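The values are calculated or read from the model by the stated rules, or taken from the named source; none is laboratory data. This is a predicted model, so every value here is computed, not measured. For neighbour counting, all protein chains shown are included, and Cβ atoms are generated from backbone atoms with ideal geometry for every residue, glycine included. Note: accessible area is taken over every heavy atom of the protein model, side chains too, but ligands, DNA and RNA are not part of it. Shrake-Rupley method; radii C 1.70, N 1.55, O 1.52, S 1.80 Å.
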Amino acid sequence: MAKSRSYFTGIPTIAYAGPGASNALAFRHYNPDEIIEGKTMSEHLRFSIAYWHSFRGTGSDPFGPGTIVRPWESGKDPVSVAKLRLEAAFEFHQKIRAPFWAFHDRDIAPEGRTLAQSNQHLDAVVAHAKQLQKATGVKLLWGTANLFSNPRYMCGASTNPDAHVFAYAAAQVKKALEITQELGGENYVFWGGREGYETLLNTNLKREQDHLAAFLHMAVDYAKSIGFKGQFLIEPKPKEPTKHQYDFDVASGIAFLRTYGLEKYFKFNIETNHATLAGHTFQHEIEVAASQQMLGSIDANSGDLLLGWDTDQFNTDVKELTLAMTSILRAGGLGTGGFNFDAKLRRPSIDPADLFHAHIGGMDAYALAFKLARKILADGQFERFVADRYASFDTGFGRDIETGKANFKSLEKLVLGKLGEPTPKSGKQEYLENLLNTYLHG
Ligand code: XLS
Ligand code: NI
Ligand code: NI
């Protein structure tokens, strides 16, 4: 497909220049073509750009309007602008070497006056996106539906007290699944934007949770009926915009899915900043999901320790990412998931180059974390330490505990007899923290 114009003139395709390179518009650690264990780094890391932040975000906040003005955002017909915007996005993908994108339905095409008109807009834009995907090789990591911005969803979508709103949301997700399938989406995400409550004075919590489950069952059934093979993902978040959201964290998500018989259809899309809002580390959420083989994908970003909301910043904290990456690699990777930069520029970062610096920083930090985590796992020092720490469960009565052969009586007998008092053993946290630093800083 002929490219009519370039929106990022003056910015080259970002090349790998190696650690210590002085060019700010180059990768220091992300070398997309480097082969590691038979796969390129690009294939290992499956980086994705969040369309909503990078191509719909304007830098607006509750205290003021947007600050970021992009050249492709001009024109009277919103569907034509939507197509130009897509062209700019795909040019960006090629220059930043990110093989995937992710979107909400309402990011890519303007909402119409009626659902039918919204769907027509989507059809026009999706046809264009399909051509651009084909021309560039960029693929869809996941699609989702925006069930939180329109005022109709002010009291939730599938958890709205009004069945009419539930029906509207169902119709919207039906279409979102169809377009995700049309574009070869490898996953489909459910983030419960307003699926929660502000006050129990007006809320029937049990009915709302039942409705959310009914909605997800309908989505599973519809996906099956159209032959959509992508992985369904729940993206937990404890709060914001509602005070209390039902998909609070991975653990409550697992309990919810099991309660309603949905567990075999879903994995988790874990977002760093959502983990910290829930009072967890990023790595904790990954481990909880991985422990149940439910690790699906990552929304790669970071919060600010001093702020209590989802600041969606690009993550350059190599220590945090290395810890997360060891857990991800130990779990066998993300499968059809990827690292989706659900992150946005700060309000004064108004230059097109800032979009590049932001993603270069994020990609380099993840790539470095990937390399460090591989080294940590290959050396096995932490693995051996942890294995030794639990070794008493490998044999004898410890083994009997794990295999269900021990009980209170048998254990009491042992303690009253030959076992007696346990010998305390050091957890060696400071030693391990120092060891971690030798990987990070030598
Ligand atoms: C918001 C979420 C959202 C989801 C997609 O906090 O991160 O962007 O990723 O709906
Ligand atoms: Ni997200
Ligand atoms: Ni978020």
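Compared with the dominant Cα axis of the chain, that is its longest principal axis, helix 429-441 is turned about 40°.
Placing dummy labels 7 Å off each Cα toward the beta-carbon, the span from A127 to A378 is 5.1 nm. Charge tally around T203: other residues with Cβ under 14 Å, Lys/Arg +1 each, Asp/Glu -1 each, net -1.
Give me the percent of the accessible area of the chain that comes from carbon and sulfur atoms, probe 1.4 Å, all protein chains in place. Of all accessible area on the chain, carbon and sulfur atoms account for 55 percent.
Only aspartates and glutamates eight or more places from K413 in sequence, or on another chain, were considered; those with a Cα closer than 16 Å are D400, E421. In this label model, A163 and R5 are separated by 5.2 nm, measuring between points 7 Å along each Cα→Cβ vector.
GNM remark for the chain: springs join alpha carbons under 10 Å apart, and the peak mean-square fluctuation among R46, R399, R346 falls on R399. The number of Lys pairs in the range 168-286 with C-alpha atoms less than 21 Å apart, excluding pairs fewer than 8 positions apart on the same chain, is 16.
Rounded to the nearest 10 degrees, the inclination of helix 205-226 to the longest alpha-carbon principal axis of the chain is 70 degrees. Its DSSP H runs of at least 4 residues, each contributing -39,500 (n - 2.57), put the calculated 222 nm mean residue ellipticity of the chain at -14500 deg cm²/dmol, to the nearest 500. I want the local charge near I226. Using Cβ-Cβ distances under 15 Å, sum +1 for each Lys or Arg and -1 for each Asp or Glu among the other residues. Computed value for this residue: +1. Cross-link reach is defined here as a Cα-Cα straight distance under 30 Å, omitting same-chain residues fewer than 8 places apart; for K428 the lysines meeting it are K319, K371, K375, K418. Taking all protein chains into account, the per residue accessible area for the chain stands at 48 Å² (1.4 Å probe).
Taking the centroid of alpha carbons for each part, the range 333-363 and the range 225-300 are 22 Å apart.
Could you sort 142-148, 402-408 so that the peptide with the highest average Cβ count within 10 Å comes first and the rest follow in order? Don't skip to the end; give the middle numbers.
Working: 142-148: 24.4, 402-408: 10.0.
Peptide ranking by packing, descending: 142-148, 402-408.
In terms of its C-alpha gyration tensor, the chain has an oblate overall shape, because the principal axis ratio a/c (a ≥ b ≥ c, square roots of the eigenvalues) is not below 1.5 and a/b does not outweigh b/c.
Per-residue counts of other Cβ atoms within 10 Å, averaged by peptide: what ranking do you get for 97-105, 298-306, 55-63, highest first?
On the way: 97-105: 24.8, 298-306: 19.4, 55-63: 13.7.
The most tightly packed comes first, giving 97-105, 298-306, 55-63.
Fully extending the segment from E37 to T58, taken as 0.36 nm per residue of separation minus the present Cα-Cα distance, adds 3.5 nm. Distance between the pseudo-spin-label points of L306 and R399 (7 Å out from Cα toward the beta carbon): 5.6 nm.
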